[in-house]
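K.L.:
One structure is given below, represented as structure tokens, and several questions about it will come after.
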Amino acid sequence: GKGGYDHYMLKEIESQPESLSNTIRGRIDPEAPAVHLEDFPPGCFQDVTEVHFVACGTSYHAALYGARLLEEANVRVRTSRASEFTGRIPDPEGTLVVPVTQSGETADTLGALRAAGEAGARTLAVTNVVGSTVAREADEVLYIRAGPEIGVAATKTFSSQVVTLALLVERLTQEIDGAAAREDLGAFLEALSVLPNQIEEVIRTSRAEALSSKYDGRDAYFFIGHALQHPVALEGALKFKEITYEHAEGFASGELKHGPLALVTPGTPIFALFDGKHDEKTHTNAKEAQARGAEIVAVTASERTAAFADDMLVIPDTHPDLSGLLANVQLQFVSYYTARSLGRPIDKPRNLAKSVTVE
Ligand code: F6R
């Protein structure tokens, strides 16, 4: 049941401290430091030369997050929307194809998995549902362990997907020839171990409800971010359009000036996501939009970064590679409370199904 909550979505947003603890349990050792993934013994990724993610919707955004981490570690990586996957794999021997899917039943993702298998690539599914079709058909499976998700809008499973992929990325970069494995692994895993508590803090202190009523009724909502905050901006906009039915778009911070800026009018809300490491680009581009009348909501751990903004959603200070997960929880609340004040059905948005089993 909903356990006293008005909606499964709110229950699932607020269960993230627990679901994320389950995701990391037994898998990280900040002291060593080391990452242990069941069924994946040391050395099992030695022959990988390239990684290719295939996914849809929210899972695609989680895949983009993982891909950015691999790219920063100098690993060859591609990410395809499963429905756009061509099935072409230039080097099937060295390519690890990773379908990312919460349900494990998405037809587009299943199609891409089958095409990758036929091309001769090794396939490793990242999914939530034990015994799902994708779990059964992939060569290997890594579970995100988020527990059942009932709301149509994916929330807790996004967080668990990103963290599972981050752990897989660690293992891959340790074993792939020529990859630059993280030098601050201990600090990263330490930050990961306290992330569930920090999400708890966001849940306790979020001002998203008050902020949502201030900004509802605008023509369009934009979300911008750079580096790892880019997929989070895309995810924030997807969630927002799904459950509020309002027009929302996510952009890479630097792309705003290449077209979308023409849509900015006085009062356009822009949620600008900062990670504490790449803040300059987002700052410059958000200010440019602000000069054209946009109202900026800075999602950041730093008062100083937010000083120029019209509003701030505070996130706890963490490793820059994890701050997107905290920003995302704030954005989940923004979508939820905006949809609620508009009287939307939230757990079952019109025209959408929890798992899309047609291509
Ligand atoms: C968004 C959402 C969808 C799914 C997409 C893929 O809130 O739920 O965009 O993420 O249909 O579903 P899975 O992950 O089950 O393959």
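K.L.:
Give me the base-10 log of I(q)/I(0) for the chain at each q in 0.08, 0.14, 0.15 Å⁻¹, Debye formula, one uniform scatterer per Cα, rounded to two decimals.
P.N.:
Each listed q corresponds, in turn, to -0.37, -1.16, -1.33.
K.L.:
Among the listed pairs LYS156/LYS281; LYS11/LYS277; LYS257/LYS281; LYS11/LYS214; LYS239/LYS277, give every one whose C-alpha distance is greater than 22 Å.
P.N.:
Working: LYS156/LYS281 29 Å; LYS11/LYS277 32 Å; LYS257/LYS281 12 Å; LYS11/LYS214 24 Å; LYS239/LYS277 25 Å.
In this structure, LYS156/LYS281; LYS11/LYS277; LYS11/LYS214; LYS239/LYS277 lie more than 22 Å apart at Cα.
K.L.:
Rounded if a/c is under 1.5, else prolate if a/b is larger than b/c, else oblate: which is segment 93-165, with a ≥ b ≥ c the root eigenvalues of its Cα gyration tensor?
P.N.:
In terms of gyration-tensor shape, prolate.
K.L.:
Using 0.36 nm times the number of residues separating GLU288 and ASP6, minus their current alpha carbon distance, what extension gain do you get? Spell out each step's value before the answer.
P.N.:
On the way: separation 282, 0.36 × 282 = 101.52 nm, distance 3.93 nm.
Taking 0.36 nm per residue and subtracting the Cα distance, the gain is 97.6 nm.
K.L.:
For the chain, what does the relative contact order come out to in percent, with C-alpha contacts under 8 Å and a separation of six or more? Mind dumping the intermediate values first?
P.N.:
Numbers: 721 pairs, mean separation 67.8, N = 359.
With pairs under 8 Å counted, the relative contact order is 19 percent.
K.L.:
With an 8 Å Cα cut-off and a minimum separation of 6 or more residues, compute the relative contact order for segment 199-279 in percent.
P.N.:
For segment 199-279, the relative contact order is 37 percent.
K.L.:
Calculate log10 I(q)/I(0) of segment 99-226 for q = 0.21 Å⁻¹, where I(q) comes from the Debye formula with a single equal point scatterer on each Cα and nothing for solvent.
P.N.:
These q points yield log10 I(q)/I(0) values of -1.25.
K.L.:
Could you size up the charge dipole of the chain around its Cα centre, putting +1 on the beta carbon of Lys and Arg and -1 on that of Asp and Glu, and report it in debye to the nearest 20?
P.N.:
Dipole about the Cα centre, nearest 20: 1040 debye.
K.L.:
When a/c is below 1.5 the answer is rounded, else prolate if a/b is larger than b/c, else oblate, so apply that to segment 158-265 with a ≥ b ≥ c taken from the square roots of the Cα gyration tensor eigenvalues. Before the final figure, lay out each step's value.
P.N.:
Numbers: a/c = 2.86, a/b = 1.59, b/c = 1.80.
Oblate is the answer for segment 158-265, as a/c is 1.5 or above yet b/c matches or exceeds a/b.
K.L.:
Helix 107-118: angle to the longest alpha-carbon principal axis of the chain, degrees 0 to 90, nearest 10?
P.N.:
In the chain, helix 107-118 runs at an angle near 30 degrees to the longest axis.
K.L.:
For helix 229-244, what angle does its Cα long axis make with the longest principal axis of the chain, in degrees from 0 to 90 and rounded to 10?
P.N.:
Helix 229-244 sits at roughly 70 degrees to that axis.
K.L.:
Using a ≥ b ≥ c from the Cα gyration tensor of segment 19-80 (square roots of the eigenvalues), is it rounded, prolate or oblate, where a/c under 1.5 gives rounded and otherwise the larger of a/b and b/c decides, a/b for prolate?
P.N.:
It is oblate, given that a/c is not under 1.5 and a/b is not larger than b/c.
K.L.:
On to the next question. Given the options VAL35, VAL54, VAL329, which has the most mean-square fluctuation in a GNM of the chain, springs set between C-alpha atoms less than 10 angstrom apart?
P.N.:
VAL35
K.L.:
Against the longest principal axis of the chain, how steep is helix 279-291, in degrees 0 to 90 to the nearest 10, with axes from Cα atoms?
P.N.:
Taking Cα atoms only, the helix is inclined about 30 degrees.
K.L.:
To one decimal place, what orientation-averaged projected area in nm² is obtained for the convex hull of the Cα set of segment 11-149?
P.N.:
Convex hull of Cα atoms, orientation-averaged projection: 8.7 nm².
K.L.:
Just to be sure I understand: with springs between alpha-carbon atoms less than 10 Å apart, which residue in THR58, THR268, THR101 has the highest mean-square fluctuation in the Gaussian network model of the chain?
P.N.:
Most flexible of the set in this elastic network: THR268.
Every number in this text was worked out from the coordinates using simple rules, so none of it is lab data. These numbers were taken from a predicted model, which means no experiment stands behind them. All Cβ positions, glycine included, derive from the backbone under ideal geometry; neighbour counts span all protein chains shown.
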